[in-house]
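Peer 1: The structure's right below; bear with me while I get my questions together.
None of the figures in this text is laboratory data; all of them are computed from the coordinates on show. Keep in mind it's a predicted model, so treat the numbers as computed, not measured. Positions of Cβ are generated from backbone atoms using ideal geometry, with glycine treated the same way; all protein chains shown enter the neighbour counts.
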Amino acid sequence: MQIAEGRALGDQLTSLELGRADVVAVRPTDLRRLVQRGLRSVSSRALEAFALVFEPHRATPADLLVRRAVATSIDRVTLSTVLLQRQAEPAAALLPSWLSGYAPMFQSTPASASSRTAIAALPLDERRLTLRVEAADPVAQAIAERVAVDAREAGITIKVQAPVGLAPRPDVRLVRVAFDATTPDRVLAAIMAALGSRATALATTEPAPAIGAPLDTVYRVERALVERDIIVPIVHLPVLYGLGERVES
C-alpha cells in the first residue's frame with residue numbers, strides 16, 4: 001500500500017481519473033465531475049460544520065437586527081442541494097442531528113415583512129458587512145458567495161474577503177470546524193474550542209459542557225450559543241472519498 005499525503009484536492013481527483021490512485025478525498029463541489037467520469041464515491045456521516053462568527057464590533061445588541069437578517073436570509077436547503085450537490089445538510093444547530101437528536105428544534109423562522117422594513121430603514125453603513133473566508137478553501141469561498149447573494153435579498157450587502165496577507169478588519173468570518181464522531185458533550189466542547197474563547201464568550205456566558213454532561217445540559221449550552229445570532233450555523237458536511245475501479249468495497 002502506498003499513501004501520499006499533503007496533495008491538493010484537485011491533484012488527487014486527477015490522479016483518480018488517470019488510474020494513479022484508488023482512494024482520494026473529494027470536495028462536494030467536485031462530485032458531479034466524479035459522476036461524469038463514471039467513478040464512485042462514499043461518504044461519512046456529517047463530520048464538519050460551517051458557521052458564521054460575527055466579530056466583537058458587530059456582536060453588540062445594536063447589531064442584532066442585522067445579524068438576524070443575515071441568519072434568516074440564508075437559503076440553506078438550496079445551498080446544500082444545488083451548490084454542494086446534495087452532499088450537505090442544512091444546519092440551524094452546531095451539532096448535526098444524527099449526533100444530538102435535537103437539531104430540528106433549532107429551525108429558524110423566515111424574516112417577516114416588518115423586519116425587512118426595519119433593515120431598509122437602517123443607515124447604509126450598518127447594512128454593509130465584510131465576510132472573511134480562508135483563501136485556500138474553495139468550498140468556503142463558494143458558500144460565502146452564496147450567503148452574500150441571499151443576504152442581498154434581505155437588504156444586507158456582504159463583501160467576501162479572501163485575503164492572502166494583511167486586509168481590513170472583517171465584520172464576520174466563515175469558519176469550518178471538523179469534529180470526531182464521539183458524544184454530544186465532547187463534540188460541542190471541541191467545537192467551542194475551535195471557535196475560540198473570544199467568539200463563545202461573546203455569544204454566551206455558559207461554559208462548555210463537561211465530559212459526561214447529560215444531553216439536556218448540552219442542549220442548553222448550544223441554545224445559548226446560537227440564540228443571539230453571533231454564531232450562525234449554515235451547513236453540515238460529511239467527509240467524501242472517490243473510489244477507483246480497483247476498489248471493491
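Peer 1: Starting from one equal scatterer on each C-alpha and no solvent at all, send me the Debye-based log10 I(q)/I(0) for region 1-59 at q = 0.14, 0.19 Å⁻¹, two decimals.
Peer 2: Per q value, in the given order, log10 I(q)/I(0) is -0.52, -0.77.
Peer 1: Going by average Cβ neighbours within 10 Å, how do the peptides 157-164, 37-44, 144-151, 216-223 rank, with the highest at the top? Let's see the in-between values first.
Peer 2: Numbers: 157-164: 15.2, 37-44: 13.2, 144-151: 19.9, 216-223: 18.4.
Ranking, from highest mean packing down: 144-151, 216-223, 157-164, 37-44.
Peer 1: Right, here's the next one. Can you tell me, using C-alpha contacts under 8 Å and at least 6 residues apart, the relative contact order of the chain as a whole percent?
Peer 2: 37
Peer 1: May I pose another question? Please give the length that would be gained between Met105 and Arg128 if that part of the chain were fully extended, namely 0.36 nm times their separation in residues minus their C-alpha to C-alpha distance (nm, one decimal).
Peer 2: Full extension of this stretch gives 5.2 nm more.
Peer 1: So what's region 75-116 giving for Rg/Rh, alpha carbon basis, Kirkwood Rh from the mean inverse pair distance?
Peer 2: A ratio of 1.06.
Peer 1: Take the Cα of Thr117, step 7 Å along the line toward its Cβ, and report every residue of region 139-158 whose backbone nitrogen sits under 20 Å from that point.
Peer 2: 153-156
Peer 1: Starting from the Cα-Cα distance between Thr29 and Thr60, subtract it from 0.36 nm times their residue separation and give me the gain in nm to one decimal.
Peer 2: My answer for the length gained is 7.7 nm.
Peer 1: Hey, if you drop one equal point scatterer on each alpha-carbon of region 181-249 and run the Debye formula without solvent, what base-10 log of I(q)/I(0) do you get at q = 0.15, 0.19, 0.22, 0.25 Å⁻¹?
Peer 2: Ignoring solvent entirely, the Cα scatterers give -0.55, -0.75, -0.96, -1.19.
Peer 1: Follow-up question, since we're still on this one. Computed FRET efficiency, Cβ-Cβ of Ala181 and Asp137, R0 35 Å: what is it to the nearest 0.05?
Peer 2: So, using R0 = 35 Å, E works out to roughly 0.95.
Peer 1: Let me ask you something else. Among Leu84, Ala120, Val139, which residue has its Cα furthest toward the positive end of the charge dipole of the chain, with +1 on Lys/Arg Cβ and -1 on Asp/Glu Cβ?
Peer 2: Farthest towards the positive pole: Ala120.
Peer 1: Calculate, axis by axis, the spread of Cα positions in region 46-237 along the three principal axes, and write the results as whole Å, longest axis first.
Peer 2: The Cα atoms of region 46-237 stretch 47, 33, 32 Å along their principal axes.
Peer 1: Provide the packing ranking of 62-70, 166-174, i.e. peptides ordered by the mean count of other C-beta atoms within 10 Å per residue, highest first.
Peer 2: Answer by packing, highest mean first, reads 62-70, 166-174.
Peer 1: Still on this structure: Can you pull the semi-axes for region 27-124, root of five times each eigenvalue of the Cα gyration tensor, sorted largest first, whole Å?
Peer 2: Here the semi-axes work out to 32, 16, 13 Å.
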